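The values are calculated or read from the model by the stated rules, or taken from the named source; none is laboratory data. A quick note: this is a predicted structure, and the numbers were derived from the prediction, not measured. Positions of Cβ are backbone-derived with ideal geometry, glycine not excepted, and every protein chain shown enters the neighbour counts. Heavy atoms of the whole protein, side chains included, go into the accessibility calculation; ligands, DNA and RNA do not. Shrake-Rupley method; radii C 1.70, N 1.55, O 1.52, S 1.80 Å.
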Amino acid sequence: MAVAATLAATIPKVSDDIVCKIVRGDLDAAVVTRDEQLVAFLDNRPVFKGHVLISPVRHVHTLLDLPEELMQPLLTLAQRVASALGDALGADGTFVAMNNVVSQSVPHLHLHVVPRAKRDGLRGFFWPRTSYAEGEMADYAARISQALQRQLP
Ligand code: DGP
């Protein structure tokens, strides 16, 4: 029993959520940056164009499951993406948020980083959605990705 439990803990969890599919290469996404710990990609139903989702590469369901070693990298990348949205898109600011279980439609932790403009009309917790024209998503991803690369030392 103890051996079985130990073995189970060493087997990576496999999930069919969209983030795991993107990480495995089974689902196309406009990825703006990726390393061995984290992936950042455009939300396909953005609140505003350039809306980025940041997730752990490994399967993590909610904030309560996030290993301590990923906490600082996650917030550091959120800070870098927020800066890149200003640089790439001229965002005045950002809205950074995470749904956990309630209102969480993708069961793999993801931090929303939404570009904001002064007087953009966003109010409260109702999230209106927009859509990208053909080819526009790749263009936004390239601009944000280039801004992220410009940040590297
Ligand atoms: P939440 O509701 O907080 O779990 O946010 C999940 C987000 O995931 C939602 O804003 C839309 C986005 N999303 C759902 N399916 C896909 C997909 O297949 N591709 C991409 N890029 N984003 C997706």
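Its Cα centre serving as origin, the chain has a Cβ charge dipole (Lys and Arg +1, Asp and Glu -1) of approximately 400 debye.
Computed over protein heavy atoms with a 1.4 Å probe, the carbon and sulfur contribution to the accessible area of the range 10-153 reaches 53%. The value of relative contact order for the range 87-153, using C-alpha pairs under 8 Å at least six residues apart, is 37 percent. Judged by the mean number of other Cβ atoms found within 10 Å, the most tightly packed of the peptides 137-143, 38-44, 23-29 leads the ranking 38-44, 137-143, 23-29. The mean sequence separation of alpha-carbon pairs under 8 Å and at least six residues apart, normalised by the residue count of the range 36-108, gives a relative contact order of 29 percent. Taking only Cα atoms, what is the 0 to 90° angle, nearest 10, from helix 136-151's long axis to the longest principal axis of the chain? The answer is roughly 80 degrees. Annotation for the range 34-104 versus the range 128-152: alpha-carbon center distance of 14 Å. Structural descriptor for the chain: relative contact order 28 percent, calculated from alpha carbon pairs under 8 angstrom and at least 6 residues apart. Spin-label model, residue 75 to residue 104: label points 7 Å out along the Cα-to-beta-carbon direction sit 1.9 nm apart.
Between helix 68-89 and the chain, what is the angle of the helix's C-alpha long axis to the longest principal axis, kept within 0 to 90° and rounded to the nearest 10? Once rounded, one gets 20 degrees.
The length gained on full extension between residue 127 and residue 89, counted as 0.36 nm times the residue separation minus their Cα-Cα distance, comes to 11.7 nm.
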